[in-house]
Amino acid sequence: AGDVVVEHIDENGNVPLESPEVLDGREKLGENYTTSSKVFDNYDLISVPSNATGTFISGSQTVTYVYRRRDAGDVIAHYVNTAGIPIESDEILDGTRSLGLPYATAAKVINGYSLYLVQGAETGVFSSGRIEVTYIYKKDPSVIVIPGPLTPVTPINPSPINPINPINPLTPVTPVNPSTPTTPTTPTTPTTPIRVATPSQITIPGRDEDVVIRPTRPLATPSIATSSNTSRGGSGSSGSNTTSTVRPGKATVNNNTTSMNAIEKPVIVTDEPKTPQPQKAQLSKDTTKSISDTRVALSVPKTEDKDATPVYGLMLIMSSALAVLCIFKKRRTE
């Protein structure tokens, strides 16, 4: 039978990672064969062939395993002056699919500067981490640096701004019809306050006394004609026959008060006497009647006395009987 060739290659350029392996097919026609992948540094298996296992045939067969190199960190070369200020753009070597591959950096020729020091490995192998190489330059005082013209920047054409569609105004809300104000009710006519006694006009009654409201001023009495006022219409007391008329006095009440609770004070107005003078007995009677009219009698609660003599007698009899019983028991015990 034919041979079976097993290859392990890289995906970039189909570079063989090792020498191909050959499975001898002599006198094995129809027999089974088996192949397997291998482990390589910095590589990952990405493709397994469908004929990794099979049967020897009359012709030769090829079994190919494909591998991919792993990613590595970038290599960055810096170009700075002695103050650490960059004087040239950095060079970056991409580490994608480069783990384990060699790298190399180089110094640049910078006008007005000369290479002073290199920090880091200028050449080496890509690793899993980032690698930095710094080229330090110092200023050459003998060289005059003439800056070149600046490259103009092409402005970017501004795009027209689309106007924002205005927001549709809100429809005004129809105001609610105000309610018709109610007609205020007609105020009631205030009642005329009754006379109220002031503290100065009330005497504090005892248990069985009435409340008496006394006027603040004594009531005036009709003028009595004497010998001193005969010229004003009075009658003298000399017993002469001269006849004079005295008009009885007329009392009026002044309703002008300063407080609702004050008692109206009677004001006595006496006209000129035109009628005969009343007798003293009649005058005293009228005065007493006038004073009694101003008094207000209050109701006094009536009490009723009960005769408790039978109760007291019964209590006395019971006490005497109890005393006799006590004496009898005492003598019996002796």
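Data for the structure
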| quantity | calculated |
| --- | --- |
| Residues of the stretch 22-53 classified as in contact with a strand residue (DSSP E or B) (Cβ under 8 Å, 6 or more places away or on another chain), charged (D, E, K, R) and farther than 26 Å from Ser98 by Cα, total | 1 |
| Options Gly95, Gly124, Gly120; residue that is surrounded by 14 or more Cβ atoms within 10 Å (Cβ to Cβ), farther than 27 Å from Leu17 by Cβ and not aromatic (Phe, Trp, Tyr) | Gly120 |
| Those residues of the stretch 15-63 which are polar (S, T, N, Q) and more than 29 Å from Ser127 (Cβ to Cβ), in sequence order | Asn32, Thr34, Thr35, Ser36, Ser50, Asn51, Thr53, Thr55, Ser58, Ser60, Gln61, Thr62 |
| Long-range neighbours under 8 Å by Cβ, at least six apart or interchain, first residue closer than 24 Å to Val66 by Cβ within the stretch 26-44, second assigned to a strand (DSSP E or B) and among the acidic types (Asp, Glu) | Thr35/Glu21; Tyr43/Asp10 |
| Residue count, the stretch 136-191 (criterion: assigned to a loop (DSSP other than H, G, I, E, B), modelled with pLDDT of 65 or more and surrounded by 10 or more Cβ atoms within 10 Å (Cβ to Cβ)) | 2 |
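The values are calculated or read from the model by the stated rules, or taken from the named source; none is laboratory data. Because the structure is a prediction, the values reported are computed rather than measured. Cβ: placed from backbone, ideal geometry, glycine included. Neighbour counts: every protein chain shown.
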